[in-house]
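Since the structure comes first, as structure tokens, the remarks are kept for the end.
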Amino acid sequence: MIADFNAMADRLEKAVDDIVTWNSVIAHELRTPVTILKGRLQGLAEGVFQPEPALLRSLHHQADALARLVEDLRVVSLLDSGRLQLRSVEIDLAAEIEGLARLVERDLAKAGFGLRMTLASGRCVADPVRLRQAVLALVDNAVKYAAPCVLEIVTRVSEAEVEISVIDRGPGMPDSLARRAFEPFRRGEDVDVKSGSGLGLAVVRGIAEAHGGQVSYAWRDGLSVFAITMPRRPST
């Protein structure tokens, strides 16, 4: 009984520590875009800055970063409670990925990344909004942790499954991190250097699992390969 009590106390202590860590990470990630928005809006109000296109684009970028962080937090919360609802329809997988690529190519180029796609033709049943969110999170992860390179997005379609892989020339992950990389708030050791909430890969895992699939990581010939695999159609 004493051993059980001690084990329970240890689990509670770890849970409290995790909550403190999560709150700290969330506060840090929210503070940066909020501070930038506040400063530049104040500058506009006081006439220090002129409402030039470059400044307005910067403000939009910070607002978008806030919106995406809030959405990631919402998705993780829904996943934890089992309340994430999908709006699945039949989609052309290649067309969805091509549409996402058009949205991110300019930002990738600014960060020094190219994009190459090898897309298999085929249709599947999925929530297109959530699927794009998951793939975008993998692309963002590559930009944060990989050196500038040509990112690859590869899709495969079989009779039963579809697979979406995002491939980069990142530094790879040690086995100890790779085993837990898809848990919320898990990041590499250089957390002070790399931005990011540590939510992205957890969101990817949750969206994949909500579709009845999974996400995996592998290090192959100097390449980091993140792959979402899911049924082509939901089981009945």
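Things worth noting here:
- Once C-alpha pairs closer than 8 Å and six or more residues apart are averaged by separation and normalised to the residue number of the stretch 44-140, the relative contact order reads 31 percent.
- Of the three principal axes defined by the Cα atoms of the stretch 89-231, the extents in descending order read 42, 30, 28 Å.
- Stokes-Einstein diffusion coefficient of the stretch 117-172, Kirkwood radius over Cα pairs, 20 °C, 1.002 mPa s, in µm²/s: 174 µm²/s
- Pairwise FRET efficiency - Ala54 versus Lys144, Cβ, R0 = 22 Å, nearest 0.05: 0.40
- Measuring nothing but alpha carbons in the stretch 18-170 and taking Rh as the Kirkwood radius, the Rg to Rh ratio lands at 1.03.
- Sparsely packed GluC sites (Glu not before Pro) within the stretch 57-159, loop by DSSP, other Cβ within 10 Å at most 13: Glu159
Read-outs: derived from the displayed coordinates by stated rules, not from any lab. None of the values given here were measured: they were computed from a predicted structure. Quick reminder, even Gly has a Cβ in these numbers, built from the backbone with ideal geometry, and neighbours come from all protein chains shown.
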